[in-house]
2 protein chains.
Amino acid sequence: MRPTVHDIAAEAGVSLATVDRVLNGRPGVRRQTVERVEKAVHRLGYIRDLTAANLARRRIYPLVFIIPSGPNSFMRVLEAEIASAMQRSPIDRTSIRIETVPPFDPDAIVRVLDAIDPKTVTGVALVATDTEEIRAAVDRLIDQGVQVATLVSDLPGSRRVHYCGIDNIAAGRTAGNLIGRFCAGRSGKVLVVAGSLKLSDHMDRASGFAAVLEAEFPDLAIVGPVETNDDADTVGQAVGAALDADPAIVAIYNLGAGNRGLIEGIAARPARRLSVVAHEVTEHSRRALADGVFDAIINQDCGHEVRSAIRVLKAHADGLDPLSDQERIRIDIFLKDNLP
Amino acid sequence: MRPTVHDIAAEAGVSLATVDRVLNGRPGVRRQTVERVEKAVHRLGYIRDLTAANLARRRIYPLVFIIPSGPNSFMRVLEAEIASAMQRSPIDRTSIRIETVPPFDPDAIVRVLDAIDPKTVTGVALVATDTEEIRAAVDRLIDQGVQVATLVSDLPGSRRVHYCGIDNIAAGRTAGNLIGRFCAGRSGKVLVVAGSLKLSDHMDRASGFAAVLEAEFPDLAIVGPVETNDDADTVGQAVGAALDADPAIVAIYNLGAGNRGLIEGIAARPARRLSVVAHEVTEHSRRALADGVFDAIINQDCGHEVRSAIRVLKAHADGLDPLSDQERIRIDIFLKDNLP
DNA sequence: GCATTCCTGATTTACGTACCTCAGGAATTG
DNA sequence: CAATTCCTGAGGTACGTAAATCAGGAATGC
């Protein structure tokens, strides 16, 4: 049988109340007594029963998700995943609130972060643009004892406890490798389309992609990156213009959003034979893959990201460390055959 | 506040004991009263607090994993993942036992299955070969109220509650698609290496692969499948012999184990330019991918499979249904750039 | 020497559920 | 009509932990 606080009390020769004080770091225990209890804990291999503890203290974990508003499909899928996690709140003792903020607006994020009450919120997960003010606001929250995790795009240099997302440099490299191989032998140009190079994830993908092409596929030259602010129509126009202007383009890598526009741009020029790699499985990209318009999609499982964020924030709030294997978000490659 | 049994009792105008009898399906309650209670449950949206319930009944979930013994790297990794899950047993209230059985020996599996005591075991996860006797033994266990899930390889036609693994036809198709694209333009032959075509997963991969090549890459002809019983040395010899005998081979798909042998066979013939796709990330295959010997690895995340099996068995034991999204095992494609 | 503070023990209640016992009324059986 | 069975209520204890209260002893300060 697993040892309980009663066993610890007996083993250490102290009362239950003292064990409780030590275990929960409350004051009022002499240093020697603390050590006696800690030794007993160690000797018996005591592990606190978190479920019983949470029951006794009627604990719930109030969490806040901060994500961009706007039409970006990926973000809306993310929001749906959060909503679906909210339905399980009674089971996993969470209380989740979603805050949407205008995209590309650091100040709005800072305002939401600063409005968070550390007394009533245990954890925050946010999709952040990489700016100094946000970094500072995150660190302020951390100082107040709130657990903060970044979602989808990281905030390097901040003290966030965890990043729930993929390594975007590696994602860019993966795209480069795919396009390089799919173009096997053909030489020509690759059009790179991005949302905004001010987003660290987009920047990372672009540089990873460029590095692989340069090192391993010298016959392919990069055109771009073209910036589109993740707007589908802008993507469509940019792609159309580039294709018309440059017949040497044999491949397209869209590392940002706006796949609908990309698909339309390609569909309008059926004579071109192109290798196309894009990001994120959404309604549009899924169909494009099935139809052979896209050759591969690089994906991050945002359901996994949301569930992982919740687990990680809870674990940190309890002073545990999460399972790194389980929380690592993979860079999924989907061809039409392994689409889930 | 979430409603409790007390609220249900008050709402239904019955005593706590009666609510308890209804909720736990115990006898001694008139049909009308049962309905009154059930209506109250529904009206208040009562959800039983599983953690409190498990605490009260001191519940643990005794689980058994049945996996093949022998040197197969993938199975050893699987075993390590189970061992790692065992370390978390106190936290997730499981008690896990591993039973290893000689590979390719259906009778041994049946013996282990039949030796399971339904009174002391709530769930079983097994890596099964697809035979009639095993199917029957699984169904016997199900009839005794034991939850059974298949792991890695499914048992279609049995009444197992869940399959924790990938769609192997789709995996084979994915391999076909990759090899077809990697060989872009080159025509020639593809050597297919399998462990045993009596394993349904191997059979499925082979047929998925063949279907895609035939439909989409008619310039590539299949040689094989060669059967190797998943033995690395046999794989090495078979690959060497095939390459020496047939200079038209431009690609290899190893859909089974024994990657070490495959790597050796290829390394001994450095002049050949080959596209190679294999399964499962292990120590050997990881290095081969990094070194450019393999072009891609198709993988199933066996840590995920094990954790998923545990979650699913527990959920079914509690009469809940698991999150299908979370429990779906993806067909991972790894290039050297997105290797975790 | 007395009050104050600090440390500790003892005891109790609570969390939400399971499960047990006991008692009594209603309904059924003979 | 008595005996039996079925249904229900009341009440309690337990699970492992948190947290509160009260009390008493030791150490400290003045």
Discussion item. Go through (1) within 25 Å of A:Arg88 (Cβ to Cβ); (2) charged (D, E, K, R); (3) out of contact with any Asp or Glu (no Cβ under 7 Å at 6 or more places or on another chain) for B:Arg43 and report which single condition fails.
Written reply: (3)
Item to complete: Quickly run through segment A:22-33 and pick out the residues that are of a type in the set (Val, Ile, Thr) and either more than 7 Å from DNA strand C (Cβ to nearest atom) or part of a loop (DSSP other than H, G, I, E, B) (or both).
Response: A:Val22, A:Val29
Worksheet item: If B:Arg273 passes every condition in (1) within 30 Å of the chain's Cα centre (by Cα); (2) under 21 Å from B:Ala184 (Cα atoms) but one, which one does it miss?
Response: (1)
Practice prompt. Give the residue that is nearest to B:Arg111 (Cα to Cα), with candidates limited to residues of segment B:57-81 that are surrounded by fewer than 17 Cβ atoms within 10 Å (Cβ to Cβ) and within 10 Å of chain A (Cβ to nearest Cβ).
Written response: B:Ile60
Discussion item. Can you list the helices (runs of 4 or more DSSP H) lying wholly within segment B:257-340 that have 1 or more residues being away from every other protein chain (no Cβ under 14 Å) and open to solvent by 50 Å² or more (accessible area, probe 1.4 Å)?
Written reply: B:259-267, B:283-290, B:302-317
Discussion item. With within 9 Å of DNA strand D (Cβ to nearest atom), crowded, with 16+ Cβ neighbours inside 10 Å and not assigned by TED's automatic domain parsing to the domain that holds A:Leu141 as the only criterion, which of A:Val14, A:Val19 stands out?
Written reply: A:Val19
Fill in: Hits in segment A:22-47 - residues which are within 11 Å of DNA strand D (Cβ to nearest atom) and either touching a Cys at 6+ places or on another chain (Cβ under 6 Å) or open to solvent by 100 Å² or more (accessible area, probe 1.4 Å) (or both)
A:Arg26, A:Arg30
Item to complete: Return yes or no: is B:Ala175 outside any helix (DSSP H, G or I), within 14 Å of chain A (Cβ to nearest Cβ) and among the hydrophobic types (A, V, I, L, M, F, W, C)?
Response: no
Item to complete: Taking the options A:Asp105, A:Asp167, A:Asp143, name whichever one is in contact (Cβ under 8 Å) with a residue 40 or more places away in the chain and either assigned by TED's automatic domain parsing to the domain that holds A:Ala315 or open to solvent by 10 Å² or more (accessible area, probe 1.4 Å) (or both).
Response: A:Asp167
Worksheet item: Which one of these does A:Thr150 not meet: (1) in contact with a Lys or Arg (Cβ under 9 Å, 6 or more places away or on another chain); (2) surrounded by fewer than 20 Cβ atoms within 10 Å (Cβ to Cβ)?
Response: (2)
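Restricting to segment B:1-21, give me the number of residues that are among the aliphatic types (A, V, I, L, M), within 9 Å of DNA strand C (Cβ to nearest atom) and part of a loop (DSSP other than H, G, I, E, B). Step through it out loud before you land on a result.
Narrowing segment B:1-21 to residues among the aliphatic types (A, V, I, L, M): B:1, B:5, B:8-10, B:12, B:14, B:16-17, B:19.
Among the residues that remain, those that are also within 9 Å of DNA strand C (Cβ to nearest atom) are: B:1, B:5, B:8, B:16-17, B:19.
If we keep only those that are part of a loop (DSSP other than H, G, I, E, B) too, we end up with B:1.
The total comes to 1.
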Practice prompt. Could you check how many residues of segment B:231-255 are over 13 Å from B:Lys189 (Cα atoms), open to solvent by 30 Å² or more (accessible area, probe 1.4 Å) and not in a helix (DSSP H, G or I)?
Written response: 1
Discussion item. Just to be sure before I move on: is A:Leu197 of a type in the set (A, V, I, L, M, F, W, C) and farther than 15 Å from A:Leu274 by Cβ in the structure I sent?
Written reply: yes
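Residue by residue, here is whether (1) at pLDDT 95 or above; (2) among the charged types (D, E, K, R) holds:
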{"site": "A:Leu274", "(1), (2)": "no, no"}
{"site": "A:Asn299", "(1), (2)": "yes, no"}
{"site": "A:Glu305", "(1), (2)": "yes, yes"}
{"site": "A:Ile310", "(1), (2)": "yes, no"}
{"site": "A:Asp318", "(1), (2)": "no, yes"}
{"site": "A:Leu323", "(1), (2)": "no, no"}
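The values are calculated or read from the model by the stated rules, or taken from the named source; none is laboratory data. A quick note: this is a predicted structure, and the numbers were derived from the prediction, not measured. Note that we place each Cβ from the backbone using ideal geometry, even for glycine, and neighbour counts take in every protein chain shown. In case anyone asks, the SASA skips ligands and DNA or RNA and just uses the protein heavy atoms, side chains included. Shrake-Rupley method; radii C 1.70, N 1.55, O 1.52, S 1.80 Å.
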